[in-house]
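The values are calculated or read from the model by the stated rules, or taken from the named source; none is laboratory data. Bear in mind that the values here come from a model prediction, so they are computed numbers and not experimental data. All Cβ positions, even for glycine, are placed from backbone atoms using ideal geometry, and neighbour counts span all protein chains on display.
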Amino acid sequence: MQRDAKTISLVIVLNISYFFVEYFFAQKISSVSLFADSIDFLEDASSNFIALFFMNAAIVYRRYITLLLLSIFILPAFGAIFLIVNKISQSTVPEPFTLTSVALGALLINLICSLLLRKYKKASNTMLKVIYFSARNDVISNLAIIIAGIITFFYTSQLPDLIVGTIIFIVNLMAISEILKDLNKK
């Protein structure tokens, strides 16, 4: 358990740190996808903190704690919807080099977190599964943001950023569905 606590603590620090980086650049270049992903970093840090804090909770309470985690997990999904609708009314195009560079940094952080948490992929503790799936989904989101940045290099449009915001929303909903299925099996 001591080793698990150190691993999860490291993941918390990585997520909180990159939240500030990504949030700063999302504001600077007016990017929906970076903003949604920065909120996702904050959600991941919160989820990991709750998982760490309640790791040794009695099995009876784990179901309720996992539901609490899922409620935190869903926040970035709905945040992305709000940002997408707001972005449609504006016509700002994020700067593609910064968008791609920051997304590459986020990808690196999320790959590290996914590798650190991969042992929880098939854990019997659903809370630990939640934090693994969250990190895994973030890698997918970062790849989508990188693709949006590359497309924006060639076609100056806000559309790739909007599409990625939508993809982040869908990926989060799929993860929530996976966790709910797992909870209903128990």
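Can you confirm whether A148 is of a type outside the set (K, R), more than 26 Å from F49 (Cβ to Cβ) and buried (at least 24 other Cβ atoms within 10 Å of the Cβ)? Don't jump to the end; show me each part of the working.
Numbers: of a type outside the set (K, R): yes; more than 26 Å from F49 (Cβ to Cβ): yes; buried (at least 24 other Cβ atoms within 10 Å of the Cβ): yes.
Judged against the criteria, A148 is a match.
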field: First in the range 90-101 and over 14 Å from F154 (Cβ atoms) and surrounded by fewer than 18 Cβ atoms within 10 Å (Cβ to Cβ), second anywhere and aromatic (F, W, Y) and modelled with pLDDT of 95 or more, Cβ under 6 Å, 6 or more apart
entry: T98/F25
field: Residue that is farthest from Y23 (Cα to Cα), among those in the range 40-75 that are touching a Phe, Trp or Tyr at 6+ places or on another chain (Cβ under 8 Å), modelled with pLDDT under 75 and not charged (D, E, K, R)
entry: Y61
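Across the range 143-164, what is the number of residues that are in contact with an Asp or Glu (Cβ under 9 Å, 6 or more places away or on another chain) and at pLDDT below 90?
1
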task: Would you check which residues across the range 102-116 are surrounded by fewer than 24 Cβ atoms within 10 Å (Cβ to Cβ), in contact (Cβ under 8 Å) with a residue 60 or more places away in the chain and within 18 Å of A5 (Cβ to Cβ) and list them?
output: I112, L116
